[in-house]
Every structure is written in C-alpha cells, then in structure tokens.
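First comes the structure, then the notes that go with it.
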Amino acid sequence: MSKVITDEKRIDFILNRGVENIFVKESLKNKLLSGKKLKIYLGIDPTGPTLHMGHVIPIMKLKQFQELGHEVILLIGDFTAMIGDPTDKMATRIQLTHKEVLNNCKNYKKQASKFLKFNGNNPAKFKFNSKWLAKMKFEDVLNLASKITVDQMLKRDMFVRRQEENKPIFGHEFFYPLMQGYDSVAMDIDIEIGGNDQTFNMLMGRNLVSEILKKDKSVITMKLLEDNTGKKMGKTEGNMISFLDNANEMFGKIMSWNDGLILKGFELCTDLEEKYFPNMQNPRDAKLKLAFEIVKIYHGEKKAQEAQINWENTFSKKEIPDEMEEIKVNAGEILMEVLVDKKVLSSKGEYRRLVEGNAVHDLEKNENIKDVNFKVLENLTLKIGKKRFLKINVN
RNA sequence: GCGUCGGUGGUAGAGUGGUCAAUUACAACAGACUGUAAAUCUGUCGCCUCCGGGCUACGAAGGUUCAAAUCCUUCCCGACGCACCA
C-alpha cells in the first residue's frame with residue numbers, strides 16, 4: 001500500500017490553485033492532513049467524443065491528489081449522459097442513446113492517461129455510473145427522491161430562470177442531480193471535484209452522502225476557463241481545445257485566445273508555479289509562453305517547440321506552414337467543386353462569397369483567386385481566410 | 001379535460017394575406033487594422049445559378065385564395081389558469 005503524503009505546504013497549494021470554492025475547506029484540510037487514504041472522483045458525462053480544456057482543469061486537480069497517494073476515480077456518466085444535465089442549458093438537452101454515449105467515451109481513458117496513471121502503484125480507477133444507476137428499482141429511486149423537496153430543486157438558478165421565461169422543466173431533469181449525487185453514495189466518496197457549474201449537483205451528493213452514509217463529503221469546485229465575455233471554453237460553445245488537436249492546431253487556438261485569458265490559462269491549464277508566470281508587459285510573449293506550456297503537456301517539449309516555430313513562421317513572418325492538409329485532384333477540375341466535395345467548404349455559395357471577399361489566396365503566385373470557376377491545372381497552395389491552409393496536388 | 005396564449009433561420013426575437021429567403025441583435029465567416037489577439041470599421045451570412053432567376057423553408061398534415069410564415073380545419077408540442085377549500 002502506498003503511503004499518503006501529508007505535506008501541509010503542498011496541500012495548501014492543491015487546495016488553492018485554480019480552486020473556486022471548497023465545501024468545507026477546513027474539514028477537508030484536516031482529512032488530508034490525517035494521512036488517511038481518501039476516495040476522490042471526477043465525473044464526466046460523455047456527450048462528445050473528445051475531452052477538452054474544460055475537462056483538463058479538474059483532471060489536473062485529480063492528478064495532484066493521485067500524486068499525494070489518494071485513490072482517484074474518473075467516473076464516466078454513461079447513464080447520466082442519457083438524461084442530460086440541465087445545468088446551464090436554457091433548453092432541455094437532447095438525450096443520447098446508450099450506444100452513442102459509449103461510443104463517445106471510447107477514447108476517454110487513453111486521453112485522460114496524459115494526466116492520470118491507470119497502472120502501477122495506486123492506479124486511477126475508471127468507472128461507469130450505469131453500473132449502479134441502471135440497476136436501481138423504482139423503489140430505490142423513490143427512496144432517493146424522498147431525500148429532497150421539490151422546493152429545493154426549484155430554487156436552483158437554472159430552473160428559476162426557465163420558469164421565469166415560461167420554458168419547460170421536465171420531470172426527468174429533476175433526477176439528474178439526484179443521480180449524480182447518488183454516485184457519491186455508491187462509490188463511498190470522500191471528495192468530489194468538478195467545475196463550479198457543477199456546484200449544485202455536487203452539493204446534492206454532499207447531502208445524500210450525509211443522509212445515507214452519515215459522513216462528510218467534501219466538494220471542490222474549480223474555476224472555469226472563461227473569456228472576457230463570460231463564455232466558457234467548452235465543447236458546447238465551439239471554442240474548445242480538444243485533446244486530439246495536433247500541436248500546431250492547439251498552439252494556434254491558444255494564440256487566438258483573448259488576452260484576458262492568459263493568466264487564467266496559466267493558473268488553470270498548467271502546473272507552473274506562480275513565480276514562473278510571465279509578466280504581462282508583453283501579452284503576445286506571455287501568450288506564446290502559455291501556448292508552449294500547454295502544448296508541451298499534450299505533445300511533449302519537442303513538438304511544442306516545433307509548433308511555436310511553425311506558428312511564428314506562418315503568422316509573424318507570414319511564411320507558409322510546413323504541414324497542411326493535402327487534396328488530390330485531376331487536372332482541369334473546378335476548384336469550387338473540389339473544395340465543396342472534400343467538405344473544406346460547405347457550399348458553392350460559400351466559395352463564391354469567399355472569392356468575392358478576396359479570401360482565397362494562391363500562395364505560389366501570391367495573388368488572390370478571382371475567378372469563381374477557377375480550374376486546377378497545376379499544384380496549388382491555398383490560403384483560405386487567415387487560418388486555413390491547403391495543398392492541392394494534381395494527379 | 002376545459003380555457004387563454006404560444007411554436008419562425010445557429011440562438012434570442014420581429015413579422016399576422018402579396019413589397020418575405022423573412023426587420024433586428026448576438027454568434028459565425030471574410031476584408032482592413034493588428035500581436036493569427038481583443039476592441040473598432042466594412043462586407044457576407046438557406047441551397048443552386050449561364051447573376052435574369054430557379055428551388056426549398058416559418059411545429060406536422062390538409063384546405064381556402066390568383067397569392068399564405070400570415071386565414072380555416074385536424075393533429076403534435078409547450079407555458080399559464082381552472083379542475084379542492086377562497
């Protein structure tokens with residue numbers, strides 16, 4: 001059995017870095033100092049096939065606890081994902097089938113293993129909540145539902161807002177927090193970690209654990225990575241960085257972050273100690289450093305360096321990037337049709353508009369393509385808009 | 001079940017017989033400016049087009065009309081009220 005680390009300095013760091021709130025901080029700190037091995041979990045609903053920045057933040061926190069020697073669990077909400085979390089959704093989320101859900105989380109373990117160790121000493125566990133939730137009888141559900149009142153549920157911000165706007169709240173949505181809460185009971189959890197948007201659901205678990213198991217479950221809520229308009233960096237909003245992005249893509253996405261996100265990015269997405277954070281005198285350099293550090297975590301130092309060089313060449317010096325998507329065509333094909341056919345663009349109309357807007361650029365001749373019916377006669381290197389580069393090779 | 005109101009493009013939300021592919025805002029995309037930022041300004045923002053126009057769309061299906069997102073009928077869905085004392 002591995003020993004649990006109780007270094008107070010380290011614990012203080014873990015309880016502060018990137019943390020929004022802890023319920024309840026003192027008792028949690030005491031638990032950690034006691035030397036007892038604790039069970040800590042993070043739940044993820046597999047609503048999409050890849051993990052992204054929003055998941056990384058709590059996963060990194062989980063990792064820190066694993067390093068202290070505690071038992072950490074990555075729980076896949078394969079059952080809860082089918083219900084749909086009403087959090088932060090003004091409309092009811094579309095329910096997924098179990099098949100879709102399982103398909104989504106196929107690669108989660110692999111992706112998460114960038115951070116968590118799933119083997120060796122004190123391996124992280126990977127669990128599915130359908131294991132207990134799918135087996136519950138109506139009786140069990142009723143028993144669970146009896147622990148809360150409708151009023152407690154309705155007080156929730158989300159539901160209040162929906163009521164004000166005369167939008168529906170469906171019965172099953174009430175069960176979501178209960179189910180998530182029950183996960184803590186089923187696994188006999190000591191600590192749950194999640195984004196601060198999960199506060200309500202996690203506190204539900206705290207109540208249920210205290211009612212049913214008669215013990216104190218701590219809840220750690222993490223800050224969210226938000227841009228200055230208050231929008232989450234998340235899958236649903238479309239501005240996410242995915243685990244599967246290659247180094248160049250990831251680097252570029254980070255560089256296009258708003259300045260206001262830089263320090264938050266360091267705090268939430270890197271392990272760097274605060275004294276190494278760059279000063280913000282030159283935001284661009286600070287952002288380069290951030291992009292480098294983040295890409296390093298996913299792709300290693302070498303790739304991160306290459307990505308940085310690639311980025312600098314491409315955008316600062318306006319050179320052509322080394323790597324880009326390639327499309328093979330037959331001589332004489334019409335460019336418009338090729339691009340639509342290969343799904344680079346969604347319609348011919350879009351192509352026409354881009355051409356009219358001088359957005360399609362031939363990098364070899366260094367001129368914009370003006371002819372809508374441009375035919376591909378020789379190899380081409382195209383830039384569409386600012387970010388899209390494309391090689392067209394003639395067979 | 002009864003009654004009232006409502007269901008419009010990625011979102012919010014106008015429009016209530018022709019001038020509607022549908023005002024506007026946000027998001028998105030592109031151009032200028034830059035640090036591939038942000039902010040700002042400009043343009044685009046259903047699909048196809050020989051740029052004349054054609055096609056498909058305003059919950060669903062029918063109908064009225066020369067003409068329907070708009071009127072009528074039926075159905076589906078939602079909010080609210082009533083269905084107990086008041």
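Does any residue of region A:357-375 turn out to be more than 7 Å from RNA strand B (Cβ to nearest atom), touching a residue at least 40 places away in the same chain (Cβ under 8 Å), over 15 Å from A:Thr314 (Cβ atoms) and not assigned by TED's automatic domain parsing to the domain that holds A:Gly252?
Among the residues of region A:357-375, at least one is more than 7 Å from RNA strand B (Cβ to nearest atom), touching a residue at least 40 places away in the same chain (Cβ under 8 Å), over 15 Å from A:Thr314 (Cβ atoms) and not assigned by TED's automatic domain parsing to the domain that holds A:Gly252, which makes the answer yes.
Let me spell it out: the conditions are (1) more than 13 Å from RNA strand B (Cβ to nearest atom); (2) within 35 Å of the chain's Cα centre (by Cα), and A:Leu390 meets all of them except one. Which number is the exception?
It is condition (1) that A:Leu390 fails.
Could you grab the pairs with beta carbons closer than 8 Å, sequence gap of 6+ or different chains, first residue in region A:241-263 and within 15 Å of A:His52 (Cα to Cα) and assigned to a helix (DSSP H, G or I), second one acidic (Asp, Glu) and more than 8 Å from RNA strand B (Cβ to nearest atom)?
A:Ala247/A:Glu306; A:Lys253/A:Asp245
For region A:342-367, name all the residues that are surrounded by 13 or more Cβ atoms within 10 Å (Cβ to Cβ) and acidic (Asp, Glu).
If the condition is that a residue be surrounded by 13 or more Cβ atoms within 10 Å (Cβ to Cβ) and acidic (Asp, Glu), then A:Glu350, A:Asp362 are the ones that fit.
Checking A:Thr314 against (1) surrounded by 13 or more Cβ atoms within 10 Å (Cβ to Cβ); (2) under 25 Å from the mean Cα position of the chain (by Cα); (3) assigned to a helix (DSSP H, G or I), which single condition isn't satisfied?
Here A:Thr314 meets the rest and fails (2).
Among the residues of region A:152-173, are any under 24 Å from the mean Cα position of the chain (by Cα), closer than 23 Å to A:His98 by Cα and either in a loop (DSSP other than H, G, I, E, B) or touching a residue at least 12 places away in the same chain (Cβ under 8 Å) (or both)?
Yes - at least one qualifying residue is present in region A:152-173.
Can you pull out the residues in region A:264-280 that are outside any helix (DSSP H, G or I), of a type in the set (A, V, I, L, M) and under 23 Å from A:Leu62 (Cα atoms)?
A:Leu272
Quick check: is even one residue across region A:210-230 under 15 Å from the mean Cα position of the chain (by Cα), modelled with pLDDT under 85 and within 13 Å of RNA strand B (Cβ to nearest atom)?
Yes, the conditions are met somewhere in region A:210-230.
So that you can scan it fast, the table gives a plain yes or no per residue for (1) among the aromatic types (Phe, Trp, Tyr); (2) buried (at least 20 other Cβ atoms within 10 Å of the Cβ):
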| site | (1), (2) |
| --- | --- |
| A:Glu164 | no, no |
| A:Gly171 | no, no |
| A:Phe174 | yes, no |
| A:Pro177 | no, yes |
| A:Asp183 | no, yes |
| A:Asp188 | no, no |
| A:Ile193 | no, yes |
| A:Asn201 | no, yes |
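For region A:287-303, how many residues meet the condition of being away from RNA strand B (no atom under 12 Å from the Cβ) and of a type in the set (Lys, Arg)?
The number of residues fulfilling the criteria is 3.
If you take just the helices (runs of 4 or more DSSP H) that sit entirely in region A:1-76, which of them hold at least 2 residues that are exposed (fewer than 14 other Cβ atoms within 10 Å of the Cβ)?
Ranges flagged: A:8-16, A:25-33.
Among the numbered criteria (1) within 11 Å of RNA strand B (Cβ to nearest atom); (2) crowded, with 16+ Cβ neighbours inside 10 Å; (3) closer than 30 Å to A:Asp12 by Cβ, which one does A:Asp259 miss?
(2)
The values are calculated or read from the model by the stated rules, or taken from the named source; none is laboratory data. The shown structure was predicted, so the numbers you read here are calculated from the model rather than taken from an experiment. So basically every Cβ, Gly included, is an ideal-geometry build from the backbone, and we count neighbours across all protein chains shown.
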